[in-house]
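I have placed the structure first, in the form of structure tokens, so that the comments after it can refer back to it.
The values are calculated or read from the model by the stated rules, or taken from the named source; none is laboratory data. Because the structure is predicted, anything quoted here is derived from the model rather than measured. Heads up, the Cβs are rebuilt from the backbone with ideal geometry, glycines too, and the neighbour counts pull from every protein chain shown. Side chains are part of the model used for accessible areas, which takes the heavy atoms of the whole protein and leaves out ligands, DNA and RNA. Shrake-Rupley method; radii C 1.70, N 1.55, O 1.52, S 1.80 Å.
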Amino acid sequence: MDFITILSIFVLACFVGYFVVWSVTPALHTPLMSVTNAISSVIVVGALIAAAAAGSTGSKWLGLAAVVMASINIFGGFAVTARMLAMYKKKERR
Amino acid sequence: MHEVAHAPAWVMLAYLAAGICFILALRGLSSPESSRKGNRFGMFGMVLAVGTTLFYYRPVTGIGGADFMANLDGPLFGEILVAIAIGAVIGVVTARRIAMTAMPQLVAAFHSLVGLAAVCVGAAAYLNPAAFGIAEASGLIHPGSRVEMGLGVAIGAITFSGSVIAFLKLNGNMSGKPIMLPMRHFINLGTLAAILILIGYFVSDESPWVFFTVVGLSFAIGFLLIIPIGGADMPVVVSMLNSYSGWAAAAMGFTLQNSAMIITGALVGSSGAILSYIMCRAMNRNFISVIAGGFGGGDAAAGGAAAASDRPWKRGSAEDAAFLMKQAELVIIVPGYGMAVAQAQHAVREMADQLKHEGVTVKYAIHPVAGRMPGHMNVLLAEANVPYDEVFELEDINAEFARADVAFVIGANDVTNPAAKTDKSSPIYGMPVLDVEKAKTVLFVKRSMGGVGYAGVDNDLFYRDNTMMLLGDAKKMAEEIVKSMG
């Protein structure tokens with residue numbers, strides 16, 4: 001991919017983000033933060049590449065450390081979001 | 001343009017699919033019914049992204065992976081799985097144990113991890129550019145990638161140190177009072193300029209000192225930016241750091257040419273930016289003045305308290321409150337963070353249940369800054385089993401106060417202050433407030449007449465003819481009212 005292609009993806013994704021986030025109900029803004037937290041840990045992809053790559057011991061350990069941190073976020077973020085969302089109930093279902 | 005190693009098409013498509021799953025995860029949050037499905041989309045997207053990466057870089061020599069994978073062996077793969085497992089255990093245990101009142105701290109802590117992970121990935125890419133496919137034939141890093149890498153680690157480092165300070169302030173390990181350094185604007189702008197200049201210089205010289213000075217200065221600026229911001233502005237700060245963590249992921253996505261990271265980064269970045277905007281609007285503060293800091297120190301508290309004692313006000317008992325509410329047709333409960341501090345949510349919900357049993361309509365009115373982060377109060381009420389369809393946002397319920405027989409204010413203060421609408425000299429003038437004074441009777445639960453809200457201003461509401469002050473601990477008061485109703 002050249003830079004322009006990547007930039008196009010980025011700019012379009014910003015617009016998608018803008019509209020999708022405004023459509024989120026204010027009642028769910030806290031779960032929104034925790035789930036965005038979890039998904040921003042997709043940075044784990046970079047960490048995995050670093051951890052798996054040969055050639056530099058320093059790079060490998062930094063990668064492994066980043067894998068641990070991103071995993072805390074991924075598991076913690078999705079789990080706490082699921083825990084919160086499970087509490088949002090309607091009148092009838094109580 | 002970039003001459004970088006290309007991943008095969010199926011890998012690119014898998015990352016794109018993961019990105020779309022993340023969009024659907026946020027889309028699901030448009031209503032509580034679809035939100036749980038949305039969260040599962042998010043998890044699926046993450047499994048897809050991680051699974052694809054692990055599969056592509058799996059330890060099979062010579063097949064599938066690029067040539068630099070040839071040395072990857074089984075034990076290394078095992079190490080990665082152990083790292084994921086360690087993270088999973090810490091993450092899940094924390095998520096299960098955390099109290100809902102502590103969500104802002106948890107989110108700040110999570111942000112700091114994203115930031116630090118971004119710095120680690122950036123540093124790893126700097127040390128081993130070939131593994132990321134961003135090295136030129138000479139072994140040097142591609143100049144374009146250097147800029148992206150520099151920005152990525154800078155934003156990541158700011159997110160990390162800023163979130164650590166936000167965590168300490170929210171968690172009470174550090175005073176919420178703003179810490180004002182002399183000449184701080186000069187120092188901050190100078191540091192930011194230095195970071196940008198060094199990233200520019202990094203293009204022509206990729207020496208370690210340039211890279212690590214950028215990292216070091218960015219850690220420092222994250223710290224310097226957040227220490228002068230007061231406790232009252234923390235909801236904006238947490239949202240802002242949410243945004244930064246997104247931009248850090250996006251910058252890393254540019255470096256690694258990974259569409260899942262770019263899409264996610266853009267989503268999270270916009271999300272945090274919009275939430276910061278909503279929080280600023282709810283407090284009638286402008287973003288620049290929040291960032292400049294110094295608000296919410298609580299110095300004005302003493303003055304407000306002195307003024308409070310000279311004006312006449314009415315005191316009511318739990319019995320009076322119970323009687324008034326039982327006679328009402330519509331009761332609107334206005335909860336604030338004070339209710340959560342007193343752990344009164346469950347007692348309030350019991351009170352509401354009793355009222356509903358008596359045929360009274362009960363609604364909850366939530367101000368956007370009722371909690372410590374966007375949507376925090378909604379979560380706290382949901383935890384206390386308040387059905388979400390009884391809970392309304394400010395714009396949706398403000399017109400109903402005129403019809404309400406009782407407005408029951410518990411643990412909230414500034415967000416009900418009519419001075420925000422009328423008194424131009426008030427520090428909170430212009431802030432959107434709940435029109436509780438329009439209700440026939442206002443029941444205001446407060447610990448004592450002395451204290452004032454976050455903004456340090458006296459509340460006119462206390463001295464109005466239709467206001468009855470219920471002095472005491474929020475939880476005890478709510479429980480006594482329940483008893484009196486029985």
The one condition in (1) at pLDDT below 95; (2) facing chain A (nearest Cβ under 8 Å); (3) surrounded by 23 or more Cβ atoms within 10 Å (Cβ to Cβ) that B:Pro129 fails to fulfil: (2)
For the range B:378-406, which positions are at the interface with chain A (Cβ under 9 Å from one of its Cβ atoms) and of a type in the set (S, T, N, Q)? B:Asn378, B:Asn385
Would you mind stating whether B:Asp414 is under 23 Å from the mean Cα position of the chain (by Cα), of a type in the set (D, E, K, R) and buried (at least 18 other Cβ atoms within 10 Å of the Cβ)? yes
Only residues that are within 12 Å of chain A (Cβ to nearest Cβ), under 14 Å from B:Gly411 (Cα atoms) and part of a strand (DSSP E or B): list them for the range B:347-377, please. B:Tyr364, B:Ile366
First in the range B:335-346 and within 22 Å of B:Asp435 (Cα to Cα), second anywhere and part of a strand (DSSP E or B) and of a type in the set (D, E, K, R), Cβ under 9 Å, 6 or more apart: B:Gly338/B:Lys446
Please go through the range B:14-27 and give me each residue that is without any contact (Cβ under 8 Å) to a residue 40 or more places away in the chain, open to solvent by less than 10 Å² (accessible area, probe 1.4 Å) and over 26 Å from B:Ala85 (Cβ atoms), ordered by number. none
So which residues in the range B:205-228 are within 22 Å of B:Pro129 (Cα to Cα), in contact (Cβ under 8 Å) with a residue 60 or more places away in the chain and outside any helix (DSSP H, G or I)? B:Glu206
Checking B:Val236 against (1) surrounded by fewer than 24 Cβ atoms within 10 Å (Cβ to Cβ); (2) more than 8 Å from chain A (Cβ to nearest Cβ), which single condition isn't satisfied? (1)
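So, B:Ile134, is that one more than 7 Å from chain A (Cβ to nearest Cβ), surrounded by 23 or more Cβ atoms within 10 Å (Cβ to Cβ) and in contact with a strand residue (DSSP E or B) (Cβ under 7 Å, 6 or more places away or on another chain) or not? Spell out how you get there, then give the answer.
Values: more than 7 Å from chain A (Cβ to nearest Cβ): yes; surrounded by 23 or more Cβ atoms within 10 Å (Cβ to Cβ): yes; in contact with a strand residue (DSSP E or B) (Cβ under 7 Å, 6 or more places away or on another chain): yes.
So B:Ile134 fits the description; yes.
Taking helices (runs of 4 or more DSSP H) that do not extend beyond the range B:229-316, which have at least 1 residues that are within 17 Å of the chain's Cα centre (by Cα) and at pLDDT 90 or above?
Fully inside the range B:229-316 and qualifying: B:234-256, B:259-282.
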Do any residues in the range A:62-89 that are within 18 Å of B:Ala123 (Cβ to Cβ) and assigned to a helix (DSSP H, G or I) have Cβ atoms under 7 Å from those of residues that are of a type in the set (Asp, Glu) and open to solvent by 20 Å² or more (accessible area, probe 1.4 Å), where the two are at least six apart or on different chains, and which pairs are they? A:Leu64/B:Glu79
Filter pass, A:Val20 being in contact with a Lys or Arg (Cβ under 6 Å, 6 or more places away or on another chain) and either open to solvent by 40 Å² or more (accessible area, probe 1.4 Å) or within 18 Å of B:Met261 (Cα to Cα) (or both): yes
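To keep it simple, each residue is scored yes or no on (1) over 26 Å from B:Asp389 (Cα atoms); (2) open to solvent by less than 60 Å² (accessible area, probe 1.4 Å); (3) facing chain B (nearest Cβ under 7 Å).
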{"site": "A:Cys14", "(1), (2), (3)": "yes, yes, yes"}
{"site": "A:Leu32", "(1), (2), (3)": "no, yes, yes"}
{"site": "A:Ser40", "(1), (2), (3)": "yes, yes, yes"}
{"site": "A:Thr57", "(1), (2), (3)": "yes, no, no"}
{"site": "A:Met69", "(1), (2), (3)": "yes, yes, yes"}
{"site": "A:Asn73", "(1), (2), (3)": "yes, yes, yes"}
{"site": "A:Phe78", "(1), (2), (3)": "no, yes, yes"}
{"site": "A:Ala82", "(1), (2), (3)": "no, yes, yes"}
